[in-house]
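For reference, the structure discussed in these notes is given below.
The values are calculated or read from the model by the stated rules, or taken from the named source; none is laboratory data. Predicted model only: the values in this text are computed from it and were never measured. Heads up, the Cβs are rebuilt from the backbone with ideal geometry, glycines too, and the neighbour counts pull from every protein chain shown. Heavy atoms of the whole protein, side chains included, go into the accessibility calculation; ligands, DNA and RNA do not. Shrake-Rupley method; radii C 1.70, N 1.55, O 1.52, S 1.80 Å.
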Amino acid sequence: QLQLVESGGGLVQAGGSLRVSCAASIPIWRYTVGWFRQAPGKEREFVATISWSGGNPDYVDSVKGRFTISRDNAKNTVYLQMNSLKPEDTAVYYCAAAVYGRMSMLGSEYEYWGQGTQVTVSS
């Protein structure tokens, strides 16, 4: 059974950077992994996804050019590098995985979820 644990969140000033990590309990090579976020009072939002099979990742328009998703299958970890952070990026960030899944912006297509890590960007 796959378990996901996010880490690396914290408090950062606007314009700063953070890297959040998603560590898997078992080999992750066959899982498509997505990052989602949820701000207080708002619905969960897709952020980025990376396929198990390679190819270009996909991002929500609001983070393109600022965020980069990557994976290190040898470490069973997926990363989200966040640069030029804005206060509107403040949210709990979740990673999710789907075995042999397609890259999707829909949370319902991911079978496994982590517990989330808080990212707070101050103005």
Probe 1.4 Å - accessible area at TYR94, Å² to nearest ten: 50 Å²
Segment 33-123: trypsin sites (Lys or Arg not before Pro) falling in loop per DSSP and having at most 16 other Cβ within 10 Å: LYS42, ARG44, LYS64, ARG66, ARG102
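Exactly which GluC sites (Glu not before Pro) in segment 17-123 are in a DSSP loop and have at most 15 other Cβ atoms within 10 Å?
When the GluC sites (Glu not before Pro) of segment 17-123 are filtered for loop state and at most 15 Cβ neighbours within 10 Å, GLU43, GLU111 remain.
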Expressed in angstrom, Rg and Dmax over the Cα atoms of the chain are 13.2, 40
Please report, for the Cα atoms of segment 14-56, the Rg to one decimal and the Dmax as a whole number; what are they, in angstrom? 13.2, 35
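Report the far tail of the P(r) of segment 66-123, meaning the percent of Cα-Cα pairs longer than 16 Å.
Roughly 56 percent, rounded to a whole number.
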Residue-level accessible surface for TRP113, protein heavy atoms, 1.4 Å, Å²: 80 Å²
In the chain the accessible area split gives carbon plus sulfur, as whole percent at 1.4 Å, a share of 48 percent
VAL12 accessible area, assembled protein chains, probe 1.4 Å, Å²: 20 Å²
For segment 57-74, just list the computed ³J(HN,Hα) in residue order, Karplus coefficients 6.51, -1.76 and 1.60, θ = phi - 60°, integers in Hz, with x standing in for Gly and Pro. x, 10, 9, 5, 4, 5, 10, 4, x, 10, 10, 9, 9, 8, 9, 10, 5, 5
Reachable lysines, given that their alpha-carbon falls under 25 Å from the alpha-carbon of LYS75 and they are not under 8 places away in the same chain: none
